[in-house]
Structures are given as C-alpha cells and as structure tokens.
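Before any comments, here is the structure.
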Amino acid sequence: MKKMRVAIAGLTACSGCQLALLNCEDELPELFEKFAFHFFPMACSPALLEGEYDAALVEGCLSMPHEKELLLELRKRSVHLIALGTCAVWGGVAALRNGEDREWLRQQVYGHNPVASETFEPLPLHRVVKVDAAVTGCPPEKEELLRLLAGLTRGALPVGIDYPVCTECRMRENLCLLTERDMFCLGLLTLGGCGARCPSLGVPCEGCRGPVPEANLAEALEIYSEKGFGRITVLDRLRRFCPEWKL
Amino acid sequence: MNNNVPFPAVVSAIRPLTVETSLITLDTDPHHPVAASFLPGQFLELSLPGVGEFPVSYCGFPSVDGSIELCIRHVGHVTTPLQTAAPGDGVGVRGPFGHGFPLSAYSGLDLLLIAGGLGMAPLRSLLLALLKQRGLCGRLTLLYGARETGALLFLDELLEMQKRGVIELQLTVDRPGYCLNGPPDCRVAMLPDLMDQLDVDPGRTCAAICGPPVVYPLLVSGLRLLGLTDNRIHLSLERRMKCGVGRCGHCAVGTRLCCADGPVFSLAELAGTEGAIV
Amino acid sequence: MAPQYIASHNLAALLDRLRRYGELHGPVRGDDEVVRFAAIAPGTLPDLSALRTLLPPKKYLLHPQETILNYTAAAGYQMPAEEVRPLILFGVHPCDLAGINYLDRVFLGDAPDPLYAARRSALTLIGISCTPDEFCSCHISPSPLNALTDLSLQSLADGYAISSGSPRGDELLEGVKEILEERDIAVPEDTRRFFGQVAAEPLRQELDATLPDWQTLADACLGCGACSICCPTCYCFDVLEFGGLDGRSAVRLRQWDNCLLKCHAEVAGGMSFQKNRAERFRYRYRHKFRGFGPLQGIPSCVGCGRCRVVCPAGLDLRPLAERLDEGRHEQ
Ligand code: SF4
Ligand code: SF4
Ligand code: SF4
Ligand code: SF4
Ligand code: FES
C-alpha cells in the first residue's frame, strides 16, 4: 500500500504533543511503515513543505504571523487538518492571559529588551482554518493518537466524545473528590477520554482536555461555590487550558 | 441465527448516484438471511472493518444469487470512508432487522408511495417487490421529491417504469433554478404540495412514506385530508440504530424501539408516541 | 421444617466454604471509604452494614467497556473467547437482585447476548435483607421485577435466617450444612417483598411535554453521566470500533452510555432526536418509570437510590414519578 503523506507541525506550544507521538516507541516501526512523515521539523530534517499531504497534524496555538502562514499553507496542501493537543484545539496555556494588555504583558516578560518577533493574542486553530478533527489533551492520550492515525489510514476521522471526565471516573468506581472530599475537581466540565487519569490517582481534574459539549457552567459554578470555590477561582482555573470559557 | 456477528460480504460494485450517494452492490452467501429473506423496509447493519457499523435500508429486492443493493449517503463517520470502497473490498453485514412494509396488507389495494430524498431507497425496494408480484396491488403512484434534479435517485429507472405504464410518477424539487435539464414534468414544490392534485380513492388506498423527518407532519395531515385512515398509512422512521436487536437503547421512539418495533410503523401504532413525528 | 439459621460468628466459616464454589465477591469498603463489590479476601468480612455499593452488580455482567468483536482480515469478525469462571456474589440487596432480573429480561430474551449469557450463567447470587434509608424507593413503588436469589440471608439479632431459592442454592446449603442450625425463630418479613408485585396497568398516555419539571431538571443537570453509570438497570451502550495500525485488524467495543448526553440519539449528519436536555429527561423518565420496547409497562427503576446519592446536583426523579403516578389513579 502507498504510504500516507503526513505533515506534523508545531506552532506556539511546548512540543509535548509531538513528543507524545514520538513516545509511541512500540508502534513507531509500524507507523513508519504506514506513514511517510514528509514534514516533521521536530523529528526529521530537512523540513520543507512540498506537494500535498493526506493529513497535517498541527500542535500548538497561533501567536505569530509566520505561524498563520504555515497553517494556511498546510491547510491548502492537506486533505485533513487535525488539531493536536489542547493548545491547538482550545488555545491552551499560551492563551492564558488573553484579554490583557499585550504591551504590558511584553514588558513583564522582556522588560525593555527588544523582542525577536511580532506576536498577537494566541488563537486556537479553528479560529483561522477549518479543522477536520481534534485530539485534545495536555498531552493527548497515546491511545487516542494511535487510533487517530489508524483511522486516517482507512479514511476515517475519530468520533467525538460527548461525556465529561466524571463519566469515566464513575465507570472506574472512584471516590468523587468533589462531592465527597470537597476538592476542586473540574471533571464535571472537562471533556472525557483520558479515563479520568487524574482523579483515579486521587488528584483533582485540572481541566486539561478543555470543555465538554453542553457544559452546564452556570450550575457547576453553584456547586463549586457551595464547596467554597468562587466563580473567579473556577473561571481562572478553567481558562488555563481554554481561554474561551465564558459565562 | 446469530445476529451479533457481522457476516462477511464483498463489495461487487459501487456506482455513484449523486455527488454524495452511491449504490453499493454486495456479494453475500445466497443462503444467508441478509440476502435471501428480507422485507422491503427492513434494514441491515453494514460494517466497514476498522471504522465501524451503520444501519442502512435495503434498496433492492431479495436475490437468488446473494447480491444485495444498498443506497448509501456518504456523510457519516463510516459512510464517508466507504465512498472510496472498491470492488473486492471486504465488509460485514448483520441483519435483516426490524419490521418492513406490510406487503400482505396491500393486497388488492391502491398504493401511494411518497419518498423524500434518500427515502427513495427503501421505497425502491418496496416498488420492486410490488412490481414483481404484479396483480397484488391496484394502482401504484409514486410521489418523489428531492432538493434538486441532480439528487433524484434512480431517475432513469423510475421514468422507465412510468413509460411502461406500471407506475404513475410525480416528481418535484425544492427550488427553481435547480430544475434545469430536469426530467419532464418535474415540479418545483415541496413534497407535500404534490398531494393537492392527487386523485385517490381513500377507501382502497394505502400510503407508504419514507423521507426526511421534517416532511412527515405535513405529509400525514395531507393524507388524512385525502381521507386515508391512520392504519393505512405506514411510515419508516430513521433513528440511530446501533445494535439492531433492542439492547443498546439508541433508537427509542417514545417507549418503542425503532429497531425492534419498527422502523416501519403504521401511523395508528404511533398514536400518542412523543417524538415519532417531529 | 424449622428455618435454617447461621450464627454471626459462623459467617467467616460460611464464606470460606462458599469459596469452594467459585470466586467470592461482596461489598467491600476501600481505604477511601467507598464501598464496592470486590473480592472478599480470605480472612476478611464484607461490609454488610453498607446500604449500597457505588456501582451495582451490573458491572460483572456488562463491563463498563468491553470488546464485543475482534476483526482480522483472515477470519473476519469474531466474538472474543472469554474464559468465564464461577462467581459468587455475596450480600446482594433486593433492589440489585431485581436490577439483575431486569437486565436478564433485556439480554437473555430472544437471541441472548452471548457475553452476558455466559457471565450470567456463571453467577451465583446470595441475597441479604436490608432496611431502606431516605434515598431508597423500593418500598414506595413496588416493582413487578423479581428479586431472585440462589441463597437468601435475612438479618436477625445475632445471625441470619438462610434459605435457598434455586437448585444451585440447595446445593450450596447442602455444602455448608455443618455450620447451619435449625432454629425455631420468627423470620422477619422478607425485604424482597416489594418485588415480584403485579405490574400496574401500563400508562398509555404520553408524558406531558409542557410540564415545567423537565426544564427545571435539565437546567440543573450537569450531564456528568453518573446517574446512568451507577444505575443497576441502565444498560444503554455505545458501540465503538477501532482499527489496528497494521490495517488488517480491528476491535469493536461497547461502552456504558447515558441518554442525557448529546450524542445518544444523534443520527448521521448530526441531527438529534432528543434535541435538548429537557427532552432527554423525558426520555430517561420514560425508560425508568414506563419501560421500553418489549418491556413496555415494566418500570426499570428498582429504587436503589444510587442516582440520588451520586448526582452532584442532587437531582431526583422520584417526586415527579410519585406525582405522575397519582395521575394514574385519576385517569
Ligand atoms: S472526582 Fe472529579 S471527575 Fe471524578 S466524579 Fe468527582 S468531580 Fe467528577
Ligand atoms: S483528569 Fe482532567 S486534568 Fe487529568 S488528564 Fe484527564 S482531563 Fe486532564
Ligand atoms: S433510577 Fe436511580 S433509584 Fe432507580 S434503579 Fe436507577 S439508580 Fe436506582
Ligand atoms: S447524575 Fe445528575 S447531573 Fe449527572 S447526568 Fe445524572 S441527573 Fe445530570
Ligand atoms: S438499535 Fe440498539 S436498541 Fe435499537
């Protein structure tokens, strides 16, 4: 069978999602058999965009003009464009301070030193291009990545998840950290798919996978406030991974 | 019969019908019930290995050689990759599931078939079955509407039947401008509007409907106006059938299960069922 | 014959003897204080004081997520070969027993589900009596479902009355008879009495969509899924298929689902038949209190109270059910 041509690009992010892919050590030989990674600057050089791609996997959010150009270019050349990881899907940590004065923010970090390149308020990919599928998570689950790739070889995109972390947490018969221990767990509002990784270890969900469809924020805020977490606290925490959380 | 495990089948032909639909012919074991013993209106579950499974109505007639015809709209998670299937590809089939159209109840009566869009697929199966037993029914009238002429399925076949005088055919498309190069006499109207000019004898007519759910309320009230009683109106409901055997809970219509109690219901059966006709 | 009796101090001996017949599970309190059905370690006792486990015993019959088919290009789709070992569930309450009865009716009807059927036939049920708390509703709406057991224990002051309900139970009683005594005791009323009642005439009339309750419930619901996950009779499942990277293999899974979630009734193209959450509550209500398909007229709620306990928003369909039930008499 002809190998699928894939581009993997990293925009503003920590490269953790691309690393998650490289960490699929057991599956790498199989992956290289099925996929030709024509553009994967993090792992292979030289990195030149060339021809068309069956799929482009893009990590990170957009915060610089050249990233926007690269993204548009990838979109043009690819059958499927996939947002890889929370930053690409929701904005992520880089977008944490969206809404605040950028000049002031710049000075906080760089003082009066000149900055190498121009930046704008970080955006998730879907604000600029059509995204065909998303694999969320900080970083994404290895299993989800492999399923995405296996699906692509068959021309299929992943089926979206519609349940929150709580659903999986209950399936695992975990103690509920929020209702039973009054801990600040965001599982109620966070998209499932991680198998309730954190609560299963006794650690409250940080919301790293972004909002679940039909999240009932208003009611959740009530519940959190009964547990002593005010709305500002909750929204701040939620926006660490998805600045678009709004009331 | 174990209906839990898909039975192997092979794509023998795939022919595009419109931009987003195609007619897929599968080769199966002629002795297997998927091929041999279904009723028009029943459905099967088609599996694309490694991608998933989806419910689809039979579109042809039970064959002796084990081939089955399915009309597939390539818009879903599984049906999209199926668009690039090629003859020889292996798939899986389970079924037949549910209740089909009550062929025996039609005996001696006139039949009014009303199809909207992809709803033509199961009604084609019904039409073929009725034509095979010519003499079973009286007049056969088909009202068929689609978005545009390019989306009218099986057009040649239907026009041919009309020419032979075995069916009375009325076609319509939703919007003018889409009717260019269309078949002769194709109207520009909503499907329910076709009923205005209809001449039926309500005392000896049954109706079989399959179309997008949005047109059902108007079609139903139109048929009632013509004088048809609810037990003479049969309609096929589309739900998200997953297991096909009344267990997954995905296909409920009120307190009924579309896979086990339907997908073809008489309007009388659906009386008081919330959400059946939306 | 006088009732058979087992003294509390013989409970450990009873459990040890039962182990000869299969793996022994019962309600066990974890370090996190959560009570779950789990293996009763030799030398320990199950927690018989707890009124409900977090997940009901359905987890043994339908796993939260399980492979239902394997695919290989060479062999096509095939059912997984599962080795089913005898399992004894000790200390099952009447509601959970009735819950299993409901699942039996769904999964063992015509064309039984093979996975369920295999696990079910390897399952021995040992019931125990209990006293309803404020979350339970078994005593409020008696159910036509049966709370069948192989063995039943009824708590007395210093022991249990024990009786058999099946040939399997007879065999077990025979096997443990040296620690039983025949005693002339007044056996208290069987707490399974709320089950196996004649079903009320099924309500034919549809639920009133204009009741404000549906929207009120919908507004408060967080869509966390807990109510279905923890319900002994919620069996809806989603079906997922994943292909292998090799391009030649695949697995098909089923996974517990909740009808209050968005995707539940969506058809290809994204149209949903239970458009908003208020409609989905009506759907859930219908299933819990009126029943579906072939089980129409048989309410599936067995009153275990789990949904009320686990709902983070404290939602409860029972008051509504009681109100609508009064309407039944006025019809
Ligand atoms: S611990 Fe967190 S994720 Fe788990 S059920 Fe409770 S709120 Fe949900
Ligand atoms: S539980 Fe929450 S924070 Fe932890 S991995 Fe899942 S989504 Fe991320
Ligand atoms: S609906 Fe609630 S009370 Fe009734 S059986 Fe289910 S979890 Fe128990
Ligand atoms: S447990 Fe409560 S909040 Fe969660 S889905 Fe059920 S009704 Fe909604
Ligand atoms: S398709 Fe599963 S219950 Fe009808």
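What do you get for the angle between helix C:277-289 and the principal long axis of chain C? Use alpha-carbon atoms, 0 to 90 degrees, nearest ten.
It is inclined by approximately 30 degrees.
Shielding by partners for A:169-180, please: the mean number of other protein chain Cβ atoms within 10 Å of each residue's Cβ. Can you show the working numbers first?
Values: counts 4, 13, 11, 4, 13, 4, 7, 6, 1, 2, 6, 4.
Per residue, the number of nearby Cβ atoms from other chains is 6 on average.
Could the peptides B:187-195, C:66-74, C:50-58 be put in order, highest first, of the mean number of other beta-carbon atoms found within 10 Å of their residues?
Numbers: B:187-195: 18.8, C:66-74: 16.2, C:50-58: 22.7.
Top of the packing list down: C:50-58, B:187-195, C:66-74.
At a Förster radius of 25 Å, what calculated FRET efficiency corresponds to the Cβ-Cβ distance of residue A:235 and residue A:64, to the nearest 0.05?
Numbers: r = 27 Å, r/R0 = 1.08.
Result of the calculation: an efficiency of 0.40.
Using only atoms on other chains, find how many Cβ atoms lie within 10 Å of each Cβ of peptide B:98-105 and report the average.
Numbers: counts 0, 0, 0, 0, 0, 0, 0, 0.
Other-chain Cβ atoms within 10 Å of each residue's Cβ, averaged: 0.
How much net charge surrounds residue C:5 when only other residues with a Cβ under 10 Å from its Cβ are counted (Lys, Arg +1; Asp, Glu -1)? If you can, show how the numbers build up before the last one.
On the way: positive: C:183; negative: C:158, C:181, C:182, C:184.
Once all neighbours under 10 Å are counted, the net charge is -3.
Spelling out what I want: for every residue of region B:200-215, take phi, set θ = phi - 60°, compute 6.51 cos²θ - 1.76 cosθ + 1.60 (Karplus), and round to whole Hz; glycine and proline get x.
10, 9, x, x, 9, 10, 10, 10, 10, 10, 8, x, x, x, 4, 8
Run the quick spin-label model on residue A:172 and residue C:186: label points 7 Å from Cα toward the beta carbon, then report their separation in nm to one decimal.
About 5.1 nm, to one decimal.
Please list, or write none, the lysines whose alpha carbon is within less than 26 Å of the alpha carbon of residue A:68, excluding same-chain residues fewer than 8 places away.
Within the straight-line limit of under 26 Å, residue A:68 reaches these lysines: A:76, A:130, A:246.
Residue C:118 to residue B:107: FRET efficiency via 1/(1 + (r/R0)^6), r the Cβ-Cβ distance, R0 56 Å, to the nearest 0.05? Numbers along the way, then the final one.
Numbers: r = 45 Å, r/R0 = 0.80.
Result of the calculation: an efficiency of 0.80.
Suppose R0 equals 30 Å. What FRET efficiency, 1/(1 + (r/R0)^6) with r the Cβ-Cβ distance, do residue B:10 and residue B:157 give to the nearest 0.05? Each step should come with its number before you reach the end.
Numbers: r = 24 Å, r/R0 = 0.81.
E between residue B:10 and residue B:157, to the nearest 0.05, is 0.80.
If you average the alpha carbon positions of region C:163-201 and of region B:120-144, how far apart do those two centres end up, in angstrom?
60 Å
Based on alpha-carbon centroids, what's the gap between region C:80-99 and region C:118-153 in Å, whole number please?
12 Å
Note the angle between two axes, namely the Cα long axis of helix A:65-77 and the longest principal axis of the Cα atoms of chain A, as a number of degrees from 0 to 90, rounded to the nearest 10.
So the inclination is approximately 70 degrees.
Could the peptides C:76-86, C:247-257, C:302-312, C:208-218 be put in order, highest first, of the mean number of other beta-carbon atoms found within 10 Å of their residues?
Working: C:76-86: 12.6, C:247-257: 20.0, C:302-312: 22.9, C:208-218: 15.0.
Final packing ranking: C:302-312, C:247-257, C:208-218, C:76-86.
Within 10 Å of each Cβ in peptide B:7-15, how many partner chain Cβ atoms are there on average? Round it to a whole number, please. Write down the numbers at each step before the final one.
Details: counts 2, 3, 1, 0, 0, 0, 0, 0, 0.
Whole-number average of other-chain Cβ neighbours for B:7-15 is 1.
Between region A:172-220 and region C:1-74, how far is it from one alpha carbon centroid to the other, in angstrom?
Cα centroid of region A:172-220 versus Cα centroid of region C:1-74: 28 Å apart.
Under the classification rounded if a/c is under 1.5, otherwise prolate if a/b is larger than b/c and oblate if not, where does region C:4-179 fall, given a ≥ b ≥ c as square roots of the Cα gyration tensor eigenvalues? Let's see the in-between values first.
Working: a/c = 1.77, a/b = 1.54, b/c = 1.15.
Since a/c reaches 1.5 and a/b is larger than b/c, the shape of region C:4-179 is classed as prolate.
How charged is the neighbourhood of residue C:230? Take every other residue with its Cβ under 14 Å from the Cβ of residue C:230, and add Lys/Arg as +1 and Asp/Glu as -1.
Numbers: positive: A:170, A:172, C:36, C:52, C:58, C:59, C:284, C:288, C:306, C:308; negative: A:168, A:173, A:180, C:96, C:257, C:316.
Result for the neighbourhood of residue C:230: +4.
What are the ³J(HN,Hα) couplings of region C:233-242, residue after residue, when phi is run through the Karplus curve with 6.51, -1.76, 1.60 and θ = phi - 60°? Round to Hz, x for glycine and proline.
Values, residue by residue: 10, 6, 10, 3, 9, 9, 10, 10, 10, 10 Hz.
Among B:143, C:112, C:142, which residue has its Cα furthest toward the positive end of the charge dipole of the protein assembly as shown, with +1 on Lys/Arg Cβ and -1 on Asp/Glu Cβ?
It is B:143, whose Cα lies furthest towards the positive end.
Could you check the simple spin-label distance between residue C:178 and residue C:12, using points 7 Å along Cα→Cβ, in nm with one decimal?
Going from the residue C:178 label point to the residue C:12 one covers 1.8 nm.
Place the peptides C:149-160, A:145-156, C:187-198, B:111-122 in order of packing, highest mean first, counting for every residue the other Cβ atoms within 10 Å and averaging per peptide. Please report the intermediate quantities before stating the final value.
Numbers: C:149-160: 19.3, A:145-156: 21.8, C:187-198: 15.8, B:111-122: 26.0.
The packing order, highest mean first, is B:111-122, A:145-156, C:149-160, C:187-198.
Helix-only estimate, please: 222 nm mean residue ellipticity of the protein assembly as shown, summing -39500 (n - 2.57) across DSSP H runs of length 4 or more and dividing by its residues, to the nearest 500. Intermediate values should be presented prior to the final figure.
Working: 26 runs with 216 residues, N = 856.
Rounded to the nearest 500, the figure is -7000 deg cm²/dmol.
With each label point set 7 Å from Cα along the Cα-Cβ vector, what nm distance links residue A:108 and residue A:226?
Taking the simple label geometry, residue A:108 and residue A:226 are separated by 3.5 nm.
For a quick check: with amide H placed at 1.01 Å from N, whose amide H comes under 5 Å from residue C:147's, ignoring anything fewer than 5 positions away on the same chain?
Sorted by chain and number, the residues that satisfy this are C:196.
Sequence-distant or interchain residues sharing an amide H contact under 5 Å with residue C:130, placed H: which?
C:191
For region A:109-179, which GluC sites (Glu not before Pro) are both in a DSSP coil and crowded by at most 11 other Cβ atoms within 10 Å? All intermediate terms of the calculation are to be shown ahead of the outcome.
Numbers: sites: A:118, A:141, A:143, A:144, A:168, A:173; in loops: A:118, A:141, A:173.
Hits after loop and neighbour filter: A:118.
Read phi for every residue in region B:93-98 and hand back ³J(HN,Hα) as whole Hz from Karplus 6.51 cos²θ - 1.76 cosθ + 1.60, θ = phi - 60°, with x for Gly and Pro.
9, 10, x, x, 10, x
Read-outs: derived from the displayed coordinates by stated rules, not from any lab. These numbers were taken from a predicted model, which means no experiment stands behind them. With ideal geometry, Cβ positions are generated from the backbone for all residues, glycine too; neighbour counts draw on all protein chains shown.
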